[in-house]
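The values are calculated or read from the model by the stated rules, or taken from the named source; none is laboratory data. These numbers come from a predicted model, not from an experiment. A quick note on method: Cβ atoms are made from the backbone with ideal geometry, for glycine too, and the neighbour counts reach across all protein chains shown. With ligands, DNA and RNA removed, areas are computed over all heavy atoms of the protein, side chains included. Shrake-Rupley method; radii C 1.70, N 1.55, O 1.52, S 1.80 Å.
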Amino acid sequence: MKNNQNLFEQKSKNTLVRFFLSSLFTISFFYITPIFINFADKNFYTKEFTNNSKKILTYTLNSNEEKIDKNSSINEKDILIDIVSLNNIESDSVYLNAATITKLFKETNYNLNDVRANKLVKPVALTLLPNELKKIENTKKRKEFFIQIILPLIIVENNIIKKDRRILFNIINKSNNTISEINWLEKKYKQYGVKTKDLSTLKIRMDVIPVSLTIAQAAKETGWGTSRFAQEGNALFGQWTWSGEGLKPKDAEKGKDHKVMKFNILQASVRAYQRNLNTHSTYKAFRKARAEFRDSNKSLDSMELSKYLNKYAETGNQYVEVLQKIIEQNKLQDFDDAKLMPSSVDLESLI
């Protein structure tokens, strides 16, 4: 009888110990997890990677520097080569109508209210705009639908640039560079049109365009996705071309033989737009202002940066005012710090 009592007491003690340890683990998990996430966000997923080198203006590549072809020329082909490749890969894009896209958004629980609240965007990558955008009579719904389509594409391209900046700063902060790093730099010099192979210039050019500003320009240039150029050529930003494939403006003046650049997929249009702002001499002031935000450790302000895009359209400062109204009225800055959720097999099966 006494043995049974001792056994019972021992079991009770073991149960209490297990309960205590389990409770301690649970409490620790919920306490430590936010700290870990915060640490990861600061150290691995930051929007801007910090350049710790104070010698960027005088920094030179060493040891294998002579292997770089200093006589190589920088031209438009070098700047656009990755855009052309992207454009050709998806030449056989599948068209989805508005009803199918709406169903896709619902099945993946992708809506802008959640994005504004949680700052997380579903990785729904569409290649073409639906023709039915024009038929959506409700202006608010049409705008939101357009934003839902292009928002993931914009974040994808910004993420690519962020990754490149991280690699660039890693290279800058090293005293020696590998051959692969030097080759990578050579490629990026060409991609960003840096003829002088100056790291400071490359750092200024290799940077993101605020999401809100990108959406505003796409909305303005396409009438929220309803323009002929957007519908027929996936041209979200009205970029001109004199030699490439494009669409001739119906109201073009005599003697002007430019076309609006045509793309096979929307993603290529976004990348071409970013490359344009990051390389063309017309937007040097824009890039300088953006660099000043970086140097001051401030977040990029689309309202301020929009002031430097007065040369994007012939209407000048009026164009800037329109962009700022679009940003304000549609609260587009809510999307500036949004992040793309990891892709999943379930999501990919729906596309």
**Prompt:** Roughly how many Å² of Phe169 are accessible to a 1.4 Å probe, to the nearest 10?
**Reply:** 10
**Item:** Hz values of 3J(HN,Hα) by residue in the stretch 133-138 - Karplus curve (6.51, -1.76, 1.60), Gly and Pro given as x
**Value:** 4, 5, 7, 7, 6, 5
**Item:** Solvent-accessible area per residue, Å², over the stretch 175-226 with all protein chains present [probe radius 1.4 Å]
**Value:** 33
**Asked** Ranked highest first by the average count of other Cβ atoms within 10 Å around their residues, in what order do 274-281, 195-202 fall?
**Response** 274-281, 195-202
**Asked** Heavy-atom accessible area of Lys141 with all protein chains present, probe 1.4 Å, nearest 10 Å²?
**Response** 130
**Request:** Would you mind telling me the share, in percent, of accessible area of the stretch 106-219 contributed by carbon and sulfur at probe 1.4 angstrom?
**Result:** 48
**By average C-beta atoms within 10 angstrom, highest first, the peptides 156-165, 212-221** = 212-221, 156-165
**Request:** Of the listed pairs Lys77/Lys262; Lys190/Lys311; Lys163/Lys187; Lys220/Lys339; Lys190/Lys325, which have alpha-carbon separations greater than 26 Å here?
**Result:** Lys190/Lys325
**Message:** Multiplying the sequence separation of Lys119 and Lys187 by 0.36 nm and subtracting their Cα-Cα distance, what value in nm do you get?
**Reply:** 21.2 nm
